[in-house]
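Structure record follows, encoded as structure tokens.
The values are calculated or read from the model by the stated rules, or taken from the named source; none is laboratory data. This one's a predicted model, so the numbers in the text were calculated from it and none came from an experiment. A quick note on method: Cβ atoms are made from the backbone with ideal geometry, for glycine too, and the neighbour counts reach across all protein chains shown. Each accessible area value is taken on the protein alone, full model and side chains, heavy atoms only, with ligands, DNA and RNA left out. Shrake-Rupley method; radii C 1.70, N 1.55, O 1.52, S 1.80 Å.
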Amino acid sequence: MEIVISTVASVAATIITVLGAIYYLDRKIEANRRELMGVIEANRSELTGVIEANRREHSAEIKEVRAASEAAHVAIRADLSDIKVQLAAHNERLKCIESHLQVSRPED
């Protein structure tokens, strides 16, 4: 009987020790998790601010490039229109000269 009581006491002590160790490790893991979540949240907030600042900066640059592109497009169209007018005037002069010389040009 004495052996059974000592065995039960030994098993109970071992179970209590194991459960205590598990509880301690669980609390330790939970504390580490909370600490890491705080660090992650702080980093997330900082990175969100950096991303937002970069987005605003690049958004302004994109608008500037778009405006410059539109201005260049308008200028190119105006120059092309002027060239077409000059080409038409030169063609008329050549036709007039050809008619006075009675020479014909080969058509393209």
### Task
Pop a pseudo-label 7 angstrom from the Cα along the beta-carbon direction at both Ser99 and Asn32 and give the gap in nm to one decimal.
9.8 nm
### Task
Could you check the simple spin-label distance between Glu70 and Glu92, using points 7 Å along Cα→Cβ, in nm with one decimal?
3.5 nm
### Query
With every protein chain in place, what's the accessible area of Thr48 (1.4 Å probe, Å², nearest 10)?
80 Å²
### Query
Quick one: how many Å² of His73 are accessible to a 1.4 Å probe, rounded to 10?
110 Å²
### Query
List the GluC sites (Glu not before Pro) in the chain that DSSP assigns to loop (not H, G, I, E or B) and whose Cβ has at most 13 other Cβ atoms within 10 Å. Which are they?
Glu107
### Message
For the pair Ala60/Ser10, report the inter-label distance in nm, with labels modelled 7 Å from Cα in the Cβ direction.
### Response
7.8 nm
### Query
Quick one: if you take sqrt(5λ) for each eigenvalue of the C-alpha gyration tensor of the chain, what semi-axes come out, biggest first, whole angstrom?
96, 18, 4
